[in-house]
Number of protein chains: 2
Amino acid sequence: MTYDPNNIFAKIMRGEIPCKKVYEDEFAFAFEDIHPAAPVHVLVIPKGDYISLHDFASQASGAMVKGFFDSVTKIAAQLGLEKSGYRIISNHGPDAAQSVHHFHVHILGGRSLGRLLP
Amino acid sequence: MTYDPNNIFAKIMRGEIPCKKVYEDEFAFAFEDIHPAAPVHVLVIPKGDYISLHDFASQASGAMVKGFFDSVTKIAAQLGLEKSGYRIISNHGPDAAQSVHHFHVHILGGRSLGRLLP
């Protein structure tokens, strides 16, 4: 699969589709999920053309990968989840129902999140 | 919270508690979860004293963070999940029921994984 620059998250990051943005820095762009699965549900995407965690971790620089995941935890803190806790999820491929092919991380919190899987 | 070097995952990595090891390199150590939530359920931990993703991403080097997440996707491929897909989960704090305070990533696969949260 090659990266499609017209995937919905790329369009959101370019401002072509509106979103509720919660954070942006040189590494990451974060916005509210439109179908929240918890009281806090934010998506974090890296700045760059990466389909999956595999692409991101193998192709991006160490500074970029470190910066992105550091930003994920800063965003969780900004959302007020540092003490109460949060779950980070990333889906890859059909069994995990990955729906958008721009690598993204879900931050979920604001309630007791229960077991790992339904 | 300070890192406890006698947490169960540190003991597993040091070989003081047995495990079903599936992978090891300079960045990561991976073993089967003893209470699997899916046909494939492996835990991946970094080599180093990190309680959480926050500690890991803010304190470890870029090379270490990149190497760790690159290894996570290599392990998923080694487990046969590259095409069928997999979910990566990391829990932080009480709402996510983080039970061991050594940063770890769950790799889950081998069946359709359903929704993000129960």
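Please state which one of A:Lys66, A:Lys21 is closer than 24 Å to B:Phe69 by Cα and free of Cβ contacts under 8 Å to residues at least 12 places away in the same chain.
After applying the criteria, what remains is A:Lys66.
I'd like the residue in region A:62-82 that is facing chain B (nearest Cβ under 7 Å) and open to solvent by 40 Å² or more (accessible area, probe 1.4 Å) and, out of all such residues, is farthest from the chain's Cα centre (by Cα).
Filtering region A:62-82 for residues that are facing chain B (nearest Cβ under 7 Å) and open to solvent by 40 Å² or more (accessible area, probe 1.4 Å), the one farthest from the chain's Cα centre (by Cα) comes out as A:Ala63.
Of (1) open to solvent by 10 Å² or more (accessible area, probe 1.4 Å); (2) more than 24 Å from A:Pro46 (Cβ to Cβ); (3) at pLDDT 95 or above, B:Gln59 satisfies all except one. Which?
Exception for B:Gln59: condition (2).
May I ask you to verify whether B:Ser112 is crowded, with 21+ Cβ neighbours inside 10 Å, of a type in the set (Ser, Thr, Tyr), facing chain A (nearest Cβ under 7 Å) and within 18 Å of A:Ala96 (Cα to Cα)?
Answer is no for this residue.
For region B:85-109, name all the residues that are open to solvent by 40 Å² or more (accessible area, probe 1.4 Å) and either touching a helix residue (DSSP H, G or I) at 6+ places or on another chain (Cβ under 6 Å) or at negative phi (or both).
Across region B:85-109, the qualifying residues are B:Pro94, B:Ser99, B:His101.
For region A:69-117, how many residues are within 26 Å of B:Gly85 (Cβ to Cβ), in contact (Cβ under 8 Å) with a residue 60 or more places away in the chain and touching a His at 6+ places or on another chain (Cβ under 9 Å)?
The qualifying residues number 4.
Does region A:9-40 hold any residues that are open to solvent by less than 20 Å² (accessible area, probe 1.4 Å) and facing chain B (nearest Cβ under 8 Å), and which are they?
Result: A:Ala38, single match.
The values are calculated or read from the model by the stated rules, or taken from the named source; none is laboratory data. In this text the structure is predicted, and so the values were computed from the model without any measurement. Quick reminder, even Gly has a Cβ in these numbers, built from the backbone with ideal geometry, and neighbours come from all protein chains shown. Quick note on the areas: whole protein, heavy atoms, side chains included, nothing else; ligands and nucleic acids left out. Shrake-Rupley method; radii C 1.70, N 1.55, O 1.52, S 1.80 Å.
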